[in-house]
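No value in this document is a laboratory result; all are computed from the given coordinates. Just so we're clear, the structure is a prediction, and the values are computed from it rather than from any experiment. Here the Cβ is made from the backbone with ideal geometry for all residues, glycine too, and neighbour counts use every protein chain on show.
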Amino acid sequence: MIILTPNLKNRWVSKKATKIKVNQEELSMMYSKTVMDHFRNPRNVGVIENANGVGEVGNPLCGDMMTIYLDIENDVIRDIKFQTFGCGSAIAVSSMLTEIAMGKTIAEAKKITNKDVADALEGLPKNKLHCSNLGADALHMAIQNYEDRKSGKLREESKRVEKHEHGPKEKCYCPYCDVEIKDGITFCEACQTDLQDAH
């Protein structure tokens, strides 16, 4: 079987499927060693049977889905596992998130942000930052699920809202589809999504 893949000069070349090698130079320009390590050797993959907190999020535009399972005892995350369907960045984010959250109190884990996860991974490409949003959101939803179960509260499933974050002189991108948008925009034409904050 022959597969067409782009080479460094964006020319399409054919390679035998049994001998395809990922160009390490291309990957190292896009992803840090930490991202590649967590993608190739993900930590805490799996399901916790009888988890007392579960959070699931997905981005319908990119297809990434994450589920976080928590085992919490005395308000401390004793164990955390994940299942992720998505790209390498989504897997790396899930893996790193579990490492950051393991052993933290609920109060500490609630403070974990998408920026914390991206920073711990030594950055993500701009078009993959939404993956870190998914990770932090899944953790927070799992914590909310734990607290609701603990209090006996039943909650309607809420729609996940991406947060808009960038520096003052950085370009603005839609948090859902990563298309550049102008300041003051509250609707992304590219993905047809209402945005939480004016940009």
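Side notes on the structure shown:
- Karplus-derived 3J(HN,Hα), 6.51/-1.76/1.60, for each residue of the range 135-142, Hz, glycine and proline x: x, 4, 5, 5, 4, 5, 5, 5
- When peptides 47-56, 86-95, 111-120, 137-146 are sorted by average Cβ neighbour count within 10 Å, with the highest value leading, the order is 86-95, 137-146, 111-120, 47-56.
- Out-of-range pairs (alpha-carbon distance over 18 Å; input Lys126/Lys169; Lys33/Lys111; Lys126/Lys171; Lys111/Lys169): Lys33/Lys111; Lys111/Lys169
- Scanning residues 5 or more positions from Cys172 or on other chains, those with amide H under 5 Å from its amide H are Ile181, with H placed 1.01 Å from N in the peptide plane.
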